[in-house]
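Student: Below you'll find the structure I mean.
The values are calculated or read from the model by the stated rules, or taken from the named source; none is laboratory data. All figures in this text were calculated on a predicted structure; none of them were measured in a lab. Cβ: placed from backbone, ideal geometry, glycine included. Neighbour counts: every protein chain shown. When the accessible area is computed, the model is the full protein with side chains, heavy atoms only, and any ligands, DNA or RNA have been set aside. Shrake-Rupley method; radii C 1.70, N 1.55, O 1.52, S 1.80 Å.
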Amino acid sequence: MLKIYICEDDKKQLDMITKAVEKAILTEELDMKVEVSSSDPFEILHIVEQSNGPGIYFLDVELNAKIDGIELASNIRNYDPRGFIVFVTTHPELSYLTFKYKVEALDYIIKSENEDLNENIRKCILNANKKFISTKKDTKKFFYAKCGQKVLHIPFEEIIYFETSLTPHKVLIHTLKRRIEFYGHIGEIVRELDDRFYKCHKSYIINKDHISMVDKKTREIFLNGDNVCTASVRAIKGLYDQ
Amino acid sequence: MVYMDFIKPLTAIIFCLTAGIISDIKIKKLNFLLWTIASYIVVGVSLLYSRVLSSAAIFVLMAIMIRNNGNKLVSGFNSAMFAMIIMIIADSVASFLLKKIYIDIDFQAQLRLSWQLFAQFFIIEGLIAIMFSVTMRQLLHKKMHIKESGKVDLKVLIVFFVTTMSVFVFMYATAIKGTISLHPQLIIIYIVFFLFLIIFTYFVFNTTFKERRLEHGAEEMKRLEEYTANIESMYRDIRSIRHDYSNVISSMIGYLDENDMNGLREYFKNEIVPFAGRMETADNNMSVLSRVKDPSLKGVLAVKIIRAQENNIPVKIDINEDIKIKTVEILDINRIVGILLDNAVEAASECEKPYVDIGFVKSENTLIIAIVNSTLDRSVNLRRIFEPGFSTKGEGRGIGLANVSEILSKYKNILLDTSIERNEFKQVIHIDESIKEE
C-alpha cells in the first residue's frame, strides 16, 4: 500500500488538497491512504523516518517554516529514495529543473485559479501508482553510470552500444535518444553487463538485440539508429559462433 | 665486411624508440613499425655516403614523425633534439663500458668487424637510451607542459631553433672526430649541454603557457565588461518599468474617477496582469543570477540570457542555492556553458514556441548544470553532432560540441548526458564536487 503525505502551510489549501487526494483514491479504488496531512514539515519528516516503503508526497514549496518544500523533499529522499514527490507551487517556472534534478520529483502542480486541482492531483496519483506497480514486478536490468554519488540508471534494453571516446578514459553510451559521456573503462564495464552485450572490438561493446546487419567482409556491424561499429577479426568470428 | 652495412643502421631503431618515448606521442604499432623501417632504410643508405648525412637524415625524419602524430613542429624538433643527445650519450656510455670490459682489443676496429661485439653494444646502448628517455619524458611532459605550445612568438622560435641547432652542430662535430670513445670525460660536457637545453625548453614552453593564461585573463576581463554593460542596460529597463508603473497608477486613477468599474476590470486584465508578469521574470532572472558566485560565469550567463531575450526567446533560470564550482576550472566551465547556450539559443530560435531553460542544481555532492531548449530537428544524430566539424546549420555548431567533449576529457569527475525527446533537447552536466582535482 502506498502512503500519502501532504504538507502545506495554508490551512485552507491543505484541506483542499487532502480532500482532492481522498476523492481520487475513492473514485479510482486505489490501495492508498493519507498517512498524514500537516502544515509542519518536521512532523512529516518525523513520520517518514519511522515508516517504510515508498510514499507519495504532496509538498508546498513555500512553507512558512525553517525549511522550504525543496529542503523537506531532499530530507525525505534520505529515508525514502523511491518515493514519489509532487510539488505544489505558485511559481513552477522558477524551479522545475531543481525539482527534477535535486530530488527527482515526479511532477508539480500549479496553485492557480485556472488549474483544476482535483484533476491534477488525480493524474499525479495515477501516474505514481502506475510507476509503483511497474517497478514492483519489474525485472528490468540497469546499467549504472556513476558520477560521484549521483547514479544514472540506464535500462540495458535501451543501450545500443558502448564506445570509448576519442578523448582518453571516457566512455560513451549510445541509446536512440540519449548519449552519455562519462569516466570509465570498457574492460570494466563489460563485466557489469549480461550476455546480450558483446565486446566486438577493444573500443566497442554492442547490444546484440540492436544489430540490424553485419558485413563480414568489411567487419562492420550496423546497429539501430544509423550506428556502425567495427569488429576485430576474432570478435566477428565469435559473433557468428553465437 | 658488407653485412655490417646492414647491421649498423639498426641503431636507427633505438633512435626511433627514443624519439617516440620522449615526445610522448600515441602512435599505432603498425605505423610505428613503418617509421622504424623507413628510418632504417634512410640511415642505411645515407651511411654509405657519410655519417653526418645519416644523422641529419634521422634527425629530420624523427621531427617529421613526431609532428605527423599530432604535435607541433617546435615540439617535433625539440624532441628529436633530445633524442639525438640521448643517443650520443648512450653511445658514449656504451662504448666506454665495453672498452673497460674488452680492454685488450682495438675496440673501434673490432666493432666494425664482429657482430657479437656490435650486439652487446647495441643492447647496452638501447637500454641506456630507453632509461634515459623515459626519465626525460616524465621531466618534460609532467613538469613543463610541453604540449601547451599552442602559439609561440616568432622571435622566441628563432632563438630556440638557432640554439638547438648550434648545440646539435657542436656536439656532432665533436662526436664525428671520434673523440667520444677517446675522451669519456666529454660525456660531462654533453650533459651540461643537455641541461642547458632542458632549461631552455622550460623557458620557451613556460612563456607560451603564461601567454595563454594571460590571453584567458583578457577574455575574462572582456566578459566582465560585457556583464557590467548588461547591468547598466538592465538598470535602464528597471527605470522604464518604474515609469510604466506610474502610468498604470494614473490610468487606474482615471478609471476610478469616472467610476468606470467595467473599464477598470478590462484594463486590469489586459494591461496590469501581463505587466506584472513581465516585471517578475525580468526581476527574477537577474536576482537569481546573484546566486552564481563566480563573476565570470555570471557574466557569461547574463550575456547569453540577454542576447536570447533580445531575440525574443524566453529564458528561465533555475538556481536555488549559491553556486561556486570547486573542482573544475572556471574558464572551462565558462566555455562549456557558453557553447551549450549558444547552441540552445540557435536551435530554439528556429521553433514556433522557442524556449531555453537553464538550471544549476546541487544534489548532495554533485552539481548539475542543465540546459534545455526547444528544437525542430527530431532526427538529430546524437553521435554525429559531437564529431569535429559536424554541423546541422553551417556555422561551426559541431565544432562547438567537439570542443565541449575535449574540455571535458580533462576531468574525471564530469558526466555529460545529452538527450532529445519530443522536440526538446537537453544537455545535463553532472560534476562530482567531492573529488578535489590536484
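Student: Would you mention how many residues in the stretch B:288-305 are in contact (Cβ under 8 Å) with a residue 24 or more places away in the chain and open to solvent by 20 Å² or more (accessible area, probe 1.4 Å)?
Tutor: 5
Student: Here is a follow-up. If you go through the stretch B:3-16 one residue at a time, do you hit one that is hydroxyl-bearing (Ser, Thr, Tyr), modelled with pLDDT under 80 and over 21 Å from B:Ile86 (Cα atoms)? Steps first, answer last, please.
Tutor: Step one: filter the stretch B:3-16 for residues hydroxyl-bearing (Ser, Thr, Tyr), giving B:3, B:11.
Now narrow it down to the ones that are modelled with pLDDT under 80: B:3, B:11.
Applying the additional criterion that residues be over 21 Å from B:Ile86 (Cα atoms) yields B:3.
Yes, because at least one residue in the stretch B:3-16 is hydroxyl-bearing (Ser, Thr, Tyr), modelled with pLDDT under 80 and over 21 Å from B:Ile86 (Cα atoms).
Student: A further question on this structure: Just one of (1) out of contact with any strand residue (DSSP E or B) (no Cβ under 9 Å at 6 or more places or on another chain); (2) part of a strand (DSSP E or B); (3) of a type outside the set (Gly, Ala, Ser) trips up A:Glu35, so point out which.
Tutor: Result: A:Glu35 fails condition (1) only.
Student: Please pick out the residue among B:Asn270, B:Asn334, B:Asn312 that is more than 14 Å from chain A (Cβ to nearest Cβ) and at positive phi.
Tutor: B:Asn312
Student: Pairs please, first residue from the stretch A:42-56 and in the same structural domain as A:Asp9 (by TED's automatic domain parsing), second anywhere and at pLDDT below 85 and among the basic types (Lys, Arg), Cβ atoms under 7 Å, 6+ apart in sequence or on different chains.
Tutor: Listed by first residue and then by second, the contacts come to A:Pro54/A:Arg82.
Student: Identify all residues within the stretch B:359-378 that are touching a His at 6+ places or on another chain (Cβ under 9 Å) and more than 7 Å from chain A (Cβ to nearest Cβ); write none if there are none.
Tutor: B:Leu367, B:Ile369
Student: Still on this structure: If I ask for residues that are in contact with a Gly (Cβ under 7 Å, 6 or more places away or on another chain) and either surrounded by 17 or more Cβ atoms within 10 Å (Cβ to Cβ) or at pLDDT 90 or above (or both), which ones from the stretch B:343-367 would you list?
Tutor: Of everything in the stretch B:343-367, those that are in contact with a Gly (Cβ under 7 Å, 6 or more places away or on another chain) and either surrounded by 17 or more Cβ atoms within 10 Å (Cβ to Cβ) or at pLDDT 90 or above (or both) turn out to be B:Asn343, B:Thr366.
Student: Follow-up. Can you find, within the stretch A:69-90, the residue that is farthest from A:Tyr5 (Cα to Cα) among those that are surrounded by fewer than 14 Cβ atoms within 10 Å (Cβ to Cβ) and within 13 Å of another protein chain (Cβ to nearest Cβ)?
Tutor: A:Thr90
Student: Here is a list: A:Lys12, A:Lys66, A:Lys33, A:Lys100. Which entry is among the basic types (Lys, Arg) and crowded, with 20+ Cβ neighbours inside 10 Å?
Tutor: A:Lys100
Student: Let me ask something additional. Can you work out which of the residues in the stretch A:121-155 that are among the aromatic types (Phe, Trp, Tyr) and open to solvent by 10 Å² or more (accessible area, probe 1.4 Å) is farthest from the other protein chains (Cβ to nearest Cβ)?
Tutor: My answer is A:Phe132.
Student: Are any of the residues in the stretch B:310-319 crowded, with 16+ Cβ neighbours inside 10 Å and at pLDDT below 85?
Tutor: No.
Student: Looking at (1) touching a helix residue (DSSP H, G or I) at 6+ places or on another chain (Cβ under 9 Å); (2) exposed (fewer than 13 other Cβ atoms within 10 Å of the Cβ); (3) at pLDDT below 65, which is the only condition B:Ile123 fails?
Tutor: If we test B:Ile123 against (1) touching a helix residue (DSSP H, G or I) at 6+ places or on another chain (Cβ under 9 Å); (2) exposed (fewer than 13 other Cβ atoms within 10 Å of the Cβ); (3) at pLDDT below 65, just (3) comes out false.
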